[in-house]
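Scroll down for the structure; my scribbles are underneath it.
The values are calculated or read from the model by the stated rules, or taken from the named source; none is laboratory data. The shown structure was predicted, so the numbers you read here are calculated from the model rather than taken from an experiment. Here the Cβ positions follow ideal geometry from the backbone for every residue, glycine too, while neighbour counts run over all protein chains shown. These accessible areas exclude ligands, DNA and RNA; they are computed on the full protein's heavy atoms, side chains included. Shrake-Rupley method; radii C 1.70, N 1.55, O 1.52, S 1.80 Å.
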Amino acid sequence: MQAFTTLTGIAAPLPKANVDTDQIIPARFLKSISRSGFGKNLFANFRYREDGSENPDFVLNQEPYRKAEILIAFENFGCGSSREHAPWALLDFGIRCVIAPDFADIFHNNSFKNGVLPVKLPREVCEQLMEDARMGGNARLTVDLEREVVVRPNGEEIPFKIDPLRRHLLLNGLDDIGQTMQHAPAIDAFEAKRAAAQPWLAGAAGTTPAGA
Amino acid sequence: MSGQKPRTLFDKIWDAHVVETLPDGTALLYIDLHLTHEVTTPQAFDGLRQAGRKVRRPEATLGVIDHNIATDASRYTGIVDPESRLQVETLEKNAAEFGMPLIPLLDQRQGIVHVIGPELGRSLPGMTIVCGDSHTSTHGAMGALAFGIGTSEVEHVLATQTLLQKPAKNMQVLVEGNLAVGCTAKDIVLAIIGRIGTAGGTGHVIEYAGDAIRALDMAGRMTVCNMSIEGGARAGMVAPDDTTYDYVRTRPFAPKGEALERAIEYWRSLPSDPGAHFDTVVRLDAHAIAPQVTWGTSPEDVLPITGVVPDPEAAADEARREQMRRKMQYMGLAPGQRLQDLKVDVVFVGSCTNSRIEDIRAAAAIARGRKVADGVRAMVVPGSGLVKAQAEEEGLDRILREAGFEWREAGCSMCLGMNPDKLTPGQRCASTSNRNFEGRQGPGGRTHLLSPAMAAAAAIAGRLADVRDYQPKKGDV
Ligand code: SF4
């Protein structure tokens with residue numbers, strides 16, 4: 001996973017609440033077996049018209065937002081499915097940070113695991129940042145995870161808070177499977193205890209279905 | 001134990017699965033059962049391969065093919081869409097390489113992952129269950145802690161049989177009283193979402209309780225738990241009771257004999273203690289719930305079938321008005337229109353919310369002796385091959401076919417617009433699935449969520465209809 005330290009870039013305004021995962025990446029595009037290539041279908045139902053041509057009204061089809069690295073949205077961003085294709089599509093497009101008043105739980109989790117930083121800020125602040133974002137290329141935002149601040153184009157610093165463990169993993173680009181593997185002895189011990197106390201879990205329920 | 005703080009069902013299952021607590025309060029949580037399907041796993045197995053890792057407990061893992069497949073006879077001659085085929089073949093290849101049990105596509109036990117987990121007795125009370133799919137909450141009906149995870153977490157569970165999790169808050173949704181005629185579990189859960197909103201459960205695990213929930217059969221409890229995610233909660237659960245144990249008893253992979261009795265004894269210790277603390281409590285009167293239907297593009301946009309399309313101008317602020325106007329435009333609605341006047345093009349009975357035998361019986365009871373309206377395409381897609389076989393044994397397929405419904409093979413089908421079953425732009429669909437998002441059932445498709453009985457009534461009427469006007473006709477099966 002790519003580390004996230006500080007990002008300065010163009011922010012795209014998406015003034016919508018409840019941006020769901022079917023909007024971020026519609027199900028019909030989930031058929032790839034790799035993690036890359038989803039960017040071209042990010043927000044496909046908004047970005048393209050029925051004949052496949054670009055919809056010039058959608059923000060990501062406008063300059064300078066084609067190069068946006070930050071997305072500003074409203075409440076409950078990422079609600080809906082557990083598909084990790086949502087952060088993959090954002091990442092593949094080039095968006096590494098989403099700022100919103102709050103996020104749906106699974107999307108929030110999935111983002112961290114892919115080096116996309118979800119930043120929660122109060123609605124009023126998101127509205128200010130939305131205005132900044134509307135200024136386009138002249139108004140870059142900086143998201144500094146090290147110092148946990150968003151820097152507005154006018155230099156004002158807005159603090160945010162990220163869970164310390166997640167911040168650590170993200171700053172260092174660490175894979176949490178490796179971390180968990182260090183607890184293997186504790187997992188072994190837990191399994192042994194569980195097999196004794198709840199034998200039904202290791203019994204019939206644990207066997208391969210016949211014919212499978 | 002005396003002196004111990006009263007705990008909720010969630011607390012008990014959580015505590016029993018914490019392997020270790022990290023300094024910041026994150027728990028390393030042990031996972032008893034990991035269900036996998038073809039869409040959210042290829043990248044996870046790839047990750048394992050790249051890192052040279054194995055699946056820690058293949059026997060606690062089960063692969064299922066459900067999202068991508070056709071639900072007509074074409075499945076027997078191979079999947080036509082090359083990308084879908086590749087996803088299915090990739091799951092088959094990964095299962096073989098990593099030793100993971102897989103229900104083959106043409107096996108009778110194949111079906112939607114959230115239908116077959118409980119049906120086969122793999123999902124049991126007291127378990128932690130995960131799957132790379134947000135509707136994993138369904139299995140919470142067994143009295144388990146079950147939730148959806150992303151692909152990175154799928155990889156984490158495959159490699160370590162654990163997850164890094166922060167404890168959730170406890171929410172109790174109490175539904176008291178008797179359901180009125182024509183109302184079902186689906187109406188309960190839609191009414192709950194209408195009340196709490198799509199973000200109402202964020203950060204919580206919901207325990208559904210009260211005598212209206214107790215009175216539900218397992219299928220009904222699964223319908224309710226299934227849509228917890230639509231209320232923003234990652235998991236929903238119902239405490240296990242005799243209804244649960246009777247259901248488990250007959251399942252092929254469930255423990256048997258003495259092992260089962262021992263398990264039940266343990267399961268009886270799981271229900272929330274009197275006085276256990278819930279961070280949030282929501283109360284609903286079951287009797288006040290009328291048959292529900294959604295009008296907009298979010299599951300919280302729900303009304304009784306007797307209602308009319310709301311007026312955006314009545315909304316509190318401009319942002320909300322604008323949002324509602326957009327929903328109306330997408331759905332092709334005007335303020336004040338009666339929901340019962342909305343003509344439907346398609347009716348879909350299926351999905352992990354409502355494709356169990358009880359759901360099909362409910363649809364067939366309304367369809368019996370009646371005909372699907374002209375110009376309406378109505379389909380019934382059983383949740384599994386076993387449900388399909390049972391329905392055929394009961395003659396339900398015949399009743400449905402005679403009424404003009406299509407009777408199909410098991411799968412996710414028109415729930416998500418990923419396989420050949422899709423809406424075309426502008427089509428209006430009465431659907432028993434769980435999401436009415438824009439484009440969910442196909443680009444430009446318009447979804448109205450409702451119960452199986454309401455869906456059948458809509459098929460007969462050719463428009464959204466009040467199931468109470470379509471009482472079952474007598475007849476022999
Ligand atoms: S039926 Fe629909 S909601 Fe359920 S698992 Fe399949 S696609 Fe997901």
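Of everything in region B:74-84, what is more than 14 Å from chain A (Cβ to nearest Cβ) and outside any helix (DSSP H, G or I)? Give them in sequence order. The one that is more than 14 Å from chain A (Cβ to nearest Cβ) and outside any helix (DSSP H, G or I): B:G78.
On the stretch given as region A:164-185, residues that are at pLDDT 90 or above, surrounded by 14 or more Cβ atoms within 10 Å (Cβ to Cβ) and at the interface with another protein chain (Cβ under 8 Å from one of its Cβ atoms) total 4. Checking each residue in region B:75-115 for being open to solvent by 10 Å² or more (accessible area, probe 1.4 Å), within 26 Å of B:I357 (Cα to Cα) and either within 26 Å of the chain's Cα centre (by Cα) or within 16 Å of the ligand (Cβ to nearest atom) (or both) picks out B:R75, B:L102, B:P104, B:L105, B:L106, B:D107, B:Q108, B:R109. Looking across region B:189-199, the residues that are over 16 Å from the mean Cα position of the chain (by Cα) and either within 12 Å of B:R283 (Cβ to Cβ) or modelled with pLDDT under 95 (or both) come down to B:R195, B:I196, B:A199. If you go through region B:1-52 and keep only what is of a type in the set (D, E) and either at pLDDT below 95 or within 21 Å of B:G143 (Cα to Cα) (or both), you end up with B:D11, B:D15, B:D24, B:D32, B:E38, B:D46. Being within 14 Å of another protein chain (Cβ to nearest Cβ), in contact (Cβ under 8 Å) with a residue 12 or more places away in the chain and within 16 Å of the ligand (Cβ to nearest atom) holds for only one residue in B:R440, B:R446, and it is B:R440. Within region B:48-58, is there a residue that is more than 7 Å from chain A (Cβ to nearest Cβ) and within 16 Å of the ligand (Cβ to nearest atom)? There is no residue in region B:48-58 that is more than 7 Å from chain A (Cβ to nearest Cβ) and within 16 Å of the ligand (Cβ to nearest atom). Against the numbered list (1) in contact with a Ser or Thr (Cβ under 6 Å, 6 or more places away or on another chain); (2) facing another protein chain (nearest Cβ under 8 Å); (3) β-branched (V, I, T), B:T71 comes up short only at (2). Annotation for region B:213-222: at least one member residue is among the β-branched types (V, I, T) and either at pLDDT 95 or above or under 15 Å from the mean Cα position of the chain (by Cα) (or both).
Conditions tested, residue by residue: (1) of a type in the set (A, V, I, L, M, F, W, C); (2) free of Cβ contacts under 8 Å to residues at least 60 places away in the same chain; (3) in a loop (DSSP other than H, G, I, E, B); (4) surrounded by fewer than 24 Cβ atoms within 10 Å (Cβ to Cβ).
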position: B:H135; (1), (2), (3), (4): no, no, no, no
position: B:A141; (1), (2), (3), (4): yes, no, no, no
position: B:E153; (1), (2), (3), (4): no, yes, no, no
position: B:K186; (1), (2), (3), (4): no, no, no, no
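If the condition is being open to solvent by 10 Å² or more (accessible area, probe 1.4 Å) and either of a type in the set (K, R) or in a strand (DSSP E or B) (or both), then region B:426-468 contributes B:R428, B:R440, B:R446, B:R463, B:R468. Listed by position, the helices (runs of 4 or more DSSP H) enclosed by region A:73-160 that each have at least 2 residues that are within 17 Å of A:I10 (Cα to Cα) and more than 12 Å from every other protein chain (Cβ to nearest Cβ) are A:85-93, A:123-134.
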